[in-house]
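Data first, discussion second: the structure below is written as structure tokens.
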Amino acid sequence: MDGFNWEEYLNFSKEANDTSSGNPVDKVVPLCLKSNVIQFGAAFLPAFYYTNFLLSLVGNGLVLCIIYKYEKLTTVTNIFLLNLVISDLIFAFSLPFWAVYHKSEWIFGSGLCKLVGSCYSIGFNSSILFLTLLTFDRYLAVVHAISAAQSRKKKYAFASSATVWVLSILASIKDIVFYNVMNGQNGRLCEMTGYTQSTLTKWELIGYYQQFLFFFLVPLVMVLYCYARITIRIMSTRMVEKCRAVKLIFVIVFTFFICWTPYNVVILLKAIKTSFGDPTNCSEALDYALYITRNFAYLYCCISPVFYTFLGKKFQRHFLRLLAKRIPCLKINILLSEPSSKSASVRSPTQITGHSRD
């Protein structure tokens, strides 16, 4: 699992290197038990993982229900939203397994070790790419509305989605290949194993830099650029609610930045430490920081479809309509909140920033 490297804690000079495969045994890895960090993870991480799993299940399930009942996959936005929901559910599928793992040991066998490890990586990576794709699509729809109208068709949406899935799967190949079950001093572990320590360290570094550059820095630059251009475009119009639209953009960018930046900064620091640091240094600061910041990134990953869809007034009305079937008294409020034919013809800023229209 990304960031949870038991080889830093235990001496795997024999266990982590599969001599039967013909690979030479590397030098002895320094013993870093870090029992305090392991106890911290066992005490707090399972609760975070179960919470994120439940939030993702409820939130993404709600978005799926609304798309199924009230929307159709005829718009680019809805196709991207559906793929984002699928990616988040794939990622959330892995969380209960990691929760059990952190609490005790890996009890699910070698096959599930590879499957869960790859689902975690595919879901996590594709989620951030689909969020970036949604932002870029809104940029095209708002800033280049006329020129992009012909290209923003279903074929474009399906081709873009397929590209995201291919990139995410390619980025997770190392997890499919290297993840396996091994015997450690604290029980059975599901980690990158079966090769020499130098090979595992090299691929660990590739994973760190891949995460920071391609699944954080590039998406962050694109999100900042796209929303900056959208904001300029909105401010140049005569929208009555332009200030509210700008506030919504600020909330989106701020939430994206505050949830993803700390985790990826820690990832970069761990990459630098692995590359240039003293291997005998058993400092626990980065391990604690990784545990804490990673959960903010996980939380954003799990609730992002809800966060993005319910910024739009159309999805808010769909949600109220869904509740009205269970709570009849809400029907009056829904009728009052329905836009008149006059107001419906005016495109609101929430429709621009909240992805409520194609």
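The values are calculated or read from the model by the stated rules, or taken from the named source; none is laboratory data. Owing to the predicted nature of the structure, the values given are computational and were not obtained by experimental measurement. We place every Cβ from the backbone using ideal geometry, glycine too, and count neighbours over all the protein chains shown.
Within region 156-171, identify whether any single residue is without any contact (Cβ under 8 Å) to a residue 40 or more places away in the chain, of a type outside the set (A, V, I, L, M, F, W, C), surrounded by fewer than 20 Cβ atoms within 10 Å (Cβ to Cβ) and under 30 Å from residue 307 (Cβ atoms), and answer yes or no.
For region 156-171, residues without any contact (Cβ under 8 Å) to a residue 40 or more places away in the chain, of a type outside the set (A, V, I, L, M, F, W, C), surrounded by fewer than 20 Cβ atoms within 10 Å (Cβ to Cβ) and under 30 Å from residue 307 (Cβ atoms): present.
Search region 251-287 for residues being of a type in the set (Phe, Trp, Tyr) and exposed (fewer than 15 other Cβ atoms within 10 Å of the Cβ), and hand back the single one that is modelled with the highest pLDDT.
For region 251-287, the residue satisfying everything is 257.
Out of all the residues in region 187-204, is one or more within 27 Å of the chain's Cα centre (by Cα), more than 26 Å from residue 109 (Cβ to Cβ) and surrounded by fewer than 18 Cβ atoms within 10 Å (Cβ to Cβ)?
There is at least one residue in region 187-204 that is within 27 Å of the chain's Cα centre (by Cα), more than 26 Å from residue 109 (Cβ to Cβ) and surrounded by fewer than 18 Cβ atoms within 10 Å (Cβ to Cβ).
Taking residue 151, is it surrounded by fewer than 19 Cβ atoms within 10 Å (Cβ to Cβ) and either part of a helix (DSSP H, G or I) or touching an Asp or Glu at 6+ places or on another chain (Cβ under 8 Å) (or both)?
no
Looking only at region 94-120, how many residues end up being farther than 21 Å from residue 51 by Cβ and in a helix (DSSP H, G or I)?
9
Looking at the structure I just gave you, is residue 41 more than 19 Å from residue 303 (Cβ to Cβ), at pLDDT 75 or above and buried (at least 17 other Cβ atoms within 10 Å of the Cβ)?
Taking the combined requirement at face value, the residue satisfies it.
Considering each residue of region 184-208, count those that are at pLDDT below 85, farther than 25 Å from residue 169 by Cβ and either of a type in the set (S, T, N, Q) or assigned to a loop (DSSP other than H, G, I, E, B) (or both), and give that number.
Residues in region 184-208 being at pLDDT below 85, farther than 25 Å from residue 169 by Cβ and either of a type in the set (S, T, N, Q) or assigned to a loop (DSSP other than H, G, I, E, B) (or both): 3 in total.
Looking at region 221-245, which of the residues that are among the hydroxyl-bearing types (Ser, Thr, Tyr) and in a helix (DSSP H, G or I) is modelled with the highest pLDDT?
The selected residue is 225.
Going by the structure shown, is residue 52 out of contact with any Lys or Arg (no Cβ under 8 Å at 6 or more places or on another chain), among the polar types (S, T, N, Q) and in contact (Cβ under 8 Å) with a residue 60 or more places away in the chain?
The answer is yes for residue 52.
Does residue 117 meet the test of being touching a residue at least 60 places away in the same chain (Cβ under 8 Å), of a type in the set (Gly, Ala, Ser), within 30 Å of residue 100 (Cβ to Cβ) and surrounded by 22 or more Cβ atoms within 10 Å (Cβ to Cβ)?
Yes: the conditions hold for residue 117.
Hey, can you tell me all the residues within region 160-183 that are β-branched (Val, Ile, Thr) and either within 17 Å of the chain's Cα centre (by Cα) or not in a strand (DSSP E or B) (or both)?
Of everything in region 160-183, those that are β-branched (Val, Ile, Thr) and either within 17 Å of the chain's Cα centre (by Cα) or not in a strand (DSSP E or B) (or both) turn out to be 163, 164, 166, 169, 173, 176, 177.
Quick one: in region 101-119, which of the residues that are modelled with pLDDT of 90 or more and hydroxyl-bearing (Ser, Thr, Tyr) is farthest from residue 221 (Cα to Cα)?
Applying the filter and picking the extreme gives 110.
Among the residues of region 59-76, are any at pLDDT below 85, under 21 Å from residue 183 (Cβ atoms), more than 21 Å from the chain's Cα centre (by Cα) and of a type outside the set (D, E, K, R)?
Scanning region 59-76, I find no residue that is at pLDDT below 85, under 21 Å from residue 183 (Cβ atoms), more than 21 Å from the chain's Cα centre (by Cα) and of a type outside the set (D, E, K, R), so the answer is no.
Given (1) surrounded by fewer than 18 Cβ atoms within 10 Å (Cβ to Cβ); (2) in contact with a strand residue (DSSP E or B) (Cβ under 8 Å, 6 or more places away or on another chain); (3) not in a helix (DSSP H, G or I), identify the lone condition not met by residue 74.
Unmet condition: (2).
Yes or no: residue 248 within 26 Å of residue 302 (Cβ to Cβ), at pLDDT below 80 and of a type outside the set (S, T, N, Q)?
yes
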